[in-house]
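Taking it in order: structure first as structure tokens, then the write-up.
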Amino acid sequence: MGVLNVTPDSFSDGGKFKNTSDALKQIEVMVSSGADIIDIGGESTRPGAKAISSDEELSRIVPILDAIDSNFGNIKISIDTYKAEVIHEVIKKNIWMINDISALSDTKSIEYLSNKDIKVCLMHMQNKPINMQVMPKYTDVIDEIYNFFISRIKTCVDSGIDRNRICLDPGFGFGKNLRHNLTILSKLGKFKELNLPILVGISRKSMLGDILQKPVEERLFGGIAANVIAYTNGASIIRTHDVAATVDALKVCKEVSLI
């Protein structure tokens, strides 16, 4: 899954792909590098980020979606949003997944997505982006995320979302400190017990910066190592800014796994 942030303030690529032409060029690069899915975000959810209106978010996303329809074939498009109003509009387009950091906590979001064919990704987050990194605490981070998933899956299924449409994201960096993130990475296989695909987004995140003591633009190699560990521990979808390098690393992993 290649990341496309059409925002001015995302932590890694904010401001780079705000206009449609630059966004399409980046999509072409990612697809040619081996991306199977493009995840488009119209609002930054980095730590400390302030929310924007649904109208502003849609004004960033919709022109890109329309341009993709005109310029690309059957590429899978994921929309990274937690707003019901945005979900209501983008599901009218040709999209494959809603990637929601709030795990469809808005009942309207579930209502709009029930009895549809669109995939949904339920992510775990403690608190909100504005305050999620202010001393996050858990008694047992794995158990708490696991139980959260059980609850959210039940709510979705009971509300008309087929279980086979759901994937799970433990939410690296979303209300977790470095120890929490490393624990999740090492014990990611626990979530396989839920028999649903696992999506991980570690690319360029601050957990890598904490380990490497390097800025965002110098975290590629650490990110590759983390993604290889995630794949080995059961991740099905790897969300990354660095598609070409990640695809190469995962190709090697897959070949080894076939032996």
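The values are calculated or read from the model by the stated rules, or taken from the named source; none is laboratory data. Just so it is clear, the model here is predicted, and its values are computed rather than measured. Quick reminder, even Gly has a Cβ in these numbers, built from the backbone with ideal geometry, and neighbours come from all protein chains shown. These accessible areas exclude ligands, DNA and RNA; they are computed on the full protein's heavy atoms, side chains included. Shrake-Rupley method; radii C 1.70, N 1.55, O 1.52, S 1.80 Å.
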Can you tell me the accessible area per residue over the chain, all protein chains present, probe 1.4 angstrom, in square angstrom?
46
Using θ = phi - 60° and the Karplus relation 6.51 cos²θ - 1.76 cosθ + 1.60, list the HN-Hα couplings for segment 244-256 in order, rounded to whole Hz, with x at every Gly or Pro.
4, 5, 5, 4, 4, 4, 6, 4, 5, 4, 5, 5, 5
Take peptides 85-95, 170-180 and line them up by average Cβ neighbours within 10 Å, highest first, as a rough protection proxy.
170-180, 85-95
Quote the accessible area belonging to residue 253 in square angstrom, nearest 10, computed with a 1.4 Å probe and with ligands, DNA and RNA left uncounted.
20
Taking placed amide H atoms and a strict 5 Å upper bound, the residues 5 or more places from residue 76 or on another chain that come that close are 38
Would you tally the net charge around residue 37, using a Cβ to Cβ cut-off of less than 9 Å, leaving residue 37 out, and scoring K and R as +1, D and E as -1?
0
In whole Hz and in residue order, list the ³J(HN,Hα) couplings for segment 218-230 that follow from phi through the Karplus curve 6.51 cos²θ - 1.76 cosθ + 1.60, θ = phi - 60°; x for Gly and Pro.
10, 10, 4, 5, x, x, 4, 4, 5, 5, 5, 4, 4
Taking segment 43-133 and dividing mean pair separation by its residue count, relative contact order in percent (alpha carbons under 8 Å, at least six apart):
32
Please work out the C-alpha center-to-center distance from segment 119-177 to segment 193-242 and express it in whole Å.
17
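I need to check one value: relative contact order of the chain, counting alpha carbon pairs closer than 8 Å and at least 6 residues apart, in percent.
RCO, the chain: 17 percent.
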First compute the accessible area of segment 160-212 with a 1.4 Å probe, then give the percent of it belonging to carbon and sulfur atoms.
48
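When a/c reaches 1.5 or more, the comparison of a/b and b/c decides; with that in mind, is segment 43-167 rounded, prolate or oblate per its Cα gyration tensor? Don't skip to the answer; put the middle values down first.
Numbers: a/c = 2.13, a/b = 1.33, b/c = 1.60.
Verdict is oblate for segment 43-167.
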Note, ³J(HN,Hα) from phi for segment 237-243, Karplus 6.51, -1.76, 1.60, rounded to Hz, x at Gly and Pro:
10, 10, 8, 8, 7, 10, 5
Mean separation of Cα pairs under 8 Å and 6+ residues apart, divided by the residue count of segment 61-189: what relative contact order is that in percent?
23
Charge dipole of the chain built from unit charges on the beta carbon (Lys, Arg +1; Asp, Glu -1), centred at mean Cα; most positive-end Cα among 185, 49, 95 is 185
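Considering only protein heavy atoms and a probe of 1.4 Å, how much of the accessible area of segment 36-116 is carbon and sulfur, as a whole percent?
Details: 1530 of 3460 Å².
C and S atoms contribute 44 percent here.
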Take the alpha carbon gyration tensor of segment 109-259, find the square roots of its eigenvalues, order them as a ≥ b ≥ c, and report rounded if a/c is under 1.5; if not, report prolate when a/b exceeds b/c, else oblate.
oblate
